[in-house]
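The block underneath contains the structure these notes are about, expressed in structure tokens.
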Amino acid sequence: MYVQAPKGTQDILPSEIYRWHYIESLIRELCLIYGYNEIRLPLFEHTELFTRGVGETTDIVQKEMYTFDDKAGRSLTLRPEGTAGAARAYIENGLSSMALPLKIYYYGPMYRYENVQRGRYREFWQFGCEVIGSQGPEADVELIALLSALFSRIGLAKTDLRINSIGCRACRPVYHEKLMTFLEPKIGRMCPDCRDRFTRNPLRILDCKQERCAEEIAGAPTSLDHLCPACAAHFEGLKDGLSILSIPYKVDKSIVRGLDYYTRTVFEFYSENIKSLGAAICGGGRYDGLIGLCGGPDTPGAGFSVGVERLFIELGETGTVIPKPKGADVFIVTAGDRAKAVAARLVSELRKNGVSACMDLNGRSVKAQMKYADKLNASYTAVIGDDEIDGGGVALRKMDDGAETAISLDDLSTYFKKGR
Ligand code: HAM
């Protein structure tokens, strides 16, 4: 019995990696166009970064983190998301001395111990962007514009953008009080987590997934109705900016997001098929207090992350075809030991010229090599045996129509170089 992959993880196989490369290259291209530079962050961080940054009363910290002690007894956690790590890196590397706002993106795996189902995994990939050091709604608009551009480039026409504002340090205490007054008579009927959150962080109750809690939450006062003038103006700025760019949106007062660092803008993108999984394809917002909370200077920030597997689910359902890469340019089939030596030199020369060339590594018969070349989807094959070596010429066979071209062995590498 072999050891299987852990539940909630997936192998990305060679036969499907082209789809990932395709999305990745679109992402990198778009980030370049929008002026975002890649940052590569550690896969694990000190646990405290997430308890502080993401928030102790969130589901992520309470239930979903892969936390372990290393051999020196430090508590470490596999990153459940990228924003806290980006904030830490900003502080630790003195990135505030760079041109601000700092515009960065990351692309990599995240880890959450979640109930595994379609579109919800324990290891999953996120593409995320962060703008650090910009307070105005223009940054929020740019982030959303980048996402819209990504979705339209990959053929997700029907995405549904929902925006909300959850206020700031100034207006939140007033709102919290209103919320607690509303929840107080109901809290006894809610789940133990919500009862715990009632005094520690009442806003988190609005994010509870339990059915009995959802019923009690209905009709709760909303943050959007309790914004201070500065937050209200910021939200108006966001809406205006989206309208200027003709990006459609819906204001959805129920969006509070599942992480504690958000202030003001929060948003989610839904798409037809992902919505049926009860989940968003992407989420983000503003986090003006996070850098300060992580021990850095008070610095505003905003960002988003897209779930890459969810992108693929959506793409699969919409029937978007991702172009398959072609196979090797040429496969040199060998008959006999002399041919092997000649082919080895030839393949090496072709490769030096940037031509994708392969030959048999397993001592197969000519027929089996032809079959193998076919499976590799090689564009051309050339069979080399004693006759070809002595005569100095070879028949180059085009695999899709079987057409053959006589060509001298010496000319083979330059023939492909011409871009055949
Ligand atoms: P999040 O909403 O927790 O936000 O995750 C963002 C996206 O990651 C989700 O919309 C979803 O597509 C994907 N995702 C989350 N959990 C899973 C899972 N278990 N399986 C598959 N996909 C998943 C954040 O992570 C924030 N850091 C976003 C952000 C960046 N806010 C500001 N900057």
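The values are calculated or read from the model by the stated rules, or taken from the named source; none is laboratory data. Here the structure is a predicted model, which is why all the values come from computation and not from measurement. Neighbour counts run over all protein chains shown; Cβ positions are idealised from the backbone, glycine included. These accessible areas exclude ligands, DNA and RNA; they are computed on the full protein's heavy atoms, side chains included. Shrake-Rupley method; radii C 1.70, N 1.55, O 1.52, S 1.80 Å.
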Among Asp288, Asp140, Asp360, determine the one that fluctuates most according to a GNM of the chain built with springs between C-alpha atoms less than 10 Å apart. Asp360
Rank these by accessible area, largest first, 1.4 Å probe: Thr9, Thr299. Thr9, Thr299
Rounded to the nearest 10 Å², the accessible area of Ile274 at probe 1.4 Å: 0
With a 1.4 Å probe and all protein chains left in place, how much accessible area per residue does the chain have, in Å²? 49
If I fit a long axis through the Cα atoms of helix 172-183 and take the longest principal axis of the Cα atoms of the chain, what angle between them do I get, 0 to 90°, rounded to 10? 80
Using a/c under 1.5 as the rounded threshold, could you call segment 330-415 rounded, prolate or oblate? The axes a ≥ b ≥ c are square roots of the C-alpha gyration tensor eigenvalues, and prolate needs a/b larger than b/c, oblate otherwise. rounded
Inter-probe distance in nm under a simple model that places probes 7 Å from Cα toward Cβ, at Leu100 and Tyr34: 2.2
Would you mind getting me the FRET efficiency between Asp411 and Ser15? Use the beta-carbon distance for r and R0 = 25 Å, nearest 0.05. 0.15
Along the dipole axis of segment 103-248 (charges at Cβ: +1 for Lys and Arg, -1 for Asp and Glu; origin at the Cα centre), the most positive-end residue among Leu183, Pro248, Gly237 is Leu183
Distance (nanometres) between label positions extended 7 Å along Cα→Cβ at Asp240 and Glu272: 3.6
A 1.4 Å probe over the protein heavy atoms gives segment 330-415 a carbon and sulfur accessible-area percentage of 48
Efficiency of FRET between Glu123 and Arg351 - r from beta-carbon atoms, R0 41 angstrom, step 0.05: 0.75
Whenever you get a sec, line up Val61, Val131 from highest to lowest accessible area (probe 1.4 Å, protein heavy atoms). Val61, Val131
Roughly how many debye, to the nearest 20, is the charge dipole of segment 295-420 about its Cα centre, given +1 on each Lys and Arg Cβ, -1 on each Asp and Glu Cβ, and no other charges? 100
Subtracting the Cα-Cα distance of Glu317 and Arg195 from 0.36 nm times their residue separation yields 39.9 nm
Listed residues Met65, Met359, Met180; largest mean-square fluctuation, Gaussian network over the chain with Cα springs below 10 Å, found at Met359
Working out 0.36 nm times the residue gap between Asp387 and Arg212, then minus their Cα-Cα distance, what length gain in nm do you get to one decimal? 54.9 nm
Under the Karplus curve 6.51 cos²θ - 1.76 cosθ + 1.60, θ = phi - 60°, whole-Hz ³J(HN,Hα) for segment 95-111, x wherever Gly or Pro sits: 6, 5, 7, 7, 4, 9, x, 7, 10, 10, 9, 9, 8, x, x, 10, 9
Comparing Gly363, Gly188, Gly219, which has the greatest mean-square fluctuation in the GNM of the chain with Cα pairs linked when under 10 Å apart? Gly363
On C-alpha positions alone, give me the angle between the axis of helix 137-153 and the longest principal axis of the chain, in degrees, nearest 10. 40
Using the Cα centre of the chain as the reference point, and only Cβ charges (+1 on K/R, -1 on D/E), how large is the resulting charge dipole? Debye, rounded to the nearest 20. 380
Could you pull out every residue, at least 5 positions away or on a different chain, whose amide H is within less than 5 Å of the one on Ile281? Hs are placed 1.01 Å off N in the peptide plane, and Pro or chain starts have none. Phe269, Tyr270, Ser271
Quick one: compute the contact order of the chain, relative version, from alpha carbon pairs under 8 angstrom and 6+ residues apart, as a percent. 15
Give the angle, between 0 and 90 degrees and rounded to the nearest 10, that separates the Cα long axis of helix 17-34 from the longest principal axis of the Cα atoms of the chain. 60
Pairwise label distance in nanometres, Asp298 with His176, each label 7 Å out on the Cα-Cβ vector: 1.7
